[in-house]
1. Most exposed first by the Cβ proxy, i.e. fewest other Cβ within 10 Å, how do Met1, Met32 rank?
2. Between (1) 10, 12, 11, 11, 10, 10, 9, 8, 8, 6, 4, 1, 0; (2) 14, 47, 33, 6, 1; (3) 15, 47, 26, 11, 1, which entry matches P(r) over Cα pairs in 10 Å bins from 0, in percent as derived from the coordinates of this structure?
3. Determine the alpha carbon to alpha carbon distance for each of Lys22/Lys90; Lys22/Lys101; Lys22/Lys107; Lys6/Lys107; Lys67/Lys90 and list only those over 24 Å.
4. Compute a Gaussian network model of the chain, connecting alpha carbons closer than 10 Å, and tell me which residue from Lys80, Lys94, Lys62 fluctuates the most.
5. Compute, for the chain, the length of the dipole vector about the Cα centre, with Cβ point charges of +1 (Lys, Arg) and -1 (Asp, Glu) only. Units Debye, rounded to 20.
6. Counting only complete DSSP H runs, which helices of the chain cover 15 Å or more along their long axis at the Cα atoms and score a mean Kyte-Doolittle of 0.5 or above?
7. Work from the charge dipole of the range 3-110 (Cβ charges, +1 for Lys and Arg, -1 for Asp and Glu, about the Cα centre) and give the residue of Ile65, Ala26, Ser93 farthest towards its positive end.
8. What is the set of long-range amide H partners of Leu52 at a cut-off below 5 Å, with H atoms built 1.01 Å from backbone N?
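Bear in mind these aren't lab numbers, they're just calculated from the coordinates by the rules spelled out. Computed from a predicted structure; not experimentally measured. Using ideal geometry, Cβ is built from the backbone for each residue, glycine included, and neighbour counts are taken over all protein chains shown.
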Amino acid sequence: MNNDLKELHDRLIAQHEALFTKMDIAPDDETMEIILTEMRELRHRIDLVQGLLFRETTNALKTSIQKVNDADSDLTAALKSADTAAAVVKSISKFLAVVDKAIDLAKMVAAGA
């Protein structure tokens with residue numbers, strides 16, 4: 001198993017769970033719907049990474065995963081202070097942009113590119 005991708009997978013699951021707990025304090029149905037949409041976005045990335053868990057790693061992928069780790073810390077802090085749906089979406093979108101780069105790189109490595 002690729003430990004770098006396992007770490008990414010674990011972080012994505014943790015953020016998915018963090019969003020789930022955020023639903024408990026959502027002020028209205030619209031906010032809950034927005035949080036659910038972001039959870040689906042995370043779930044999609046979880047599924048993608050899961051399909052790559054047994055692929056090789058590279059130094060570039062390790063560097064990319066470190067960027068995800070940094071973005072993960074930023075997202076955790078942002079979700080704790082997010083008090084609007086827009087703040088949640090903005091924080092998740094920023095995080096997923098970094099995640100998507102790591103996933104794309106892992107797919108390229110898996111394809112032998």
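1. Met1, Met32
2. (3)
3. Violating the 24 Å limit, Cα to Cα: Lys22/Lys101; Lys22/Lys107.
4. Among Lys80, Lys94, Lys62, the largest GNM mean-square fluctuation belongs to Lys80.
5. Charge dipole of the chain: 500 debye, to the nearest 20.
6. Helices meeting the span and hydropathy rule in the chain are 85-110.
7. Projecting each Cα onto the dipole axis, the largest value belongs to Ile65.
8. Amide H to amide H, under 5 Å and 5 or more residues apart or across chains, Leu52 pairs with nothing.
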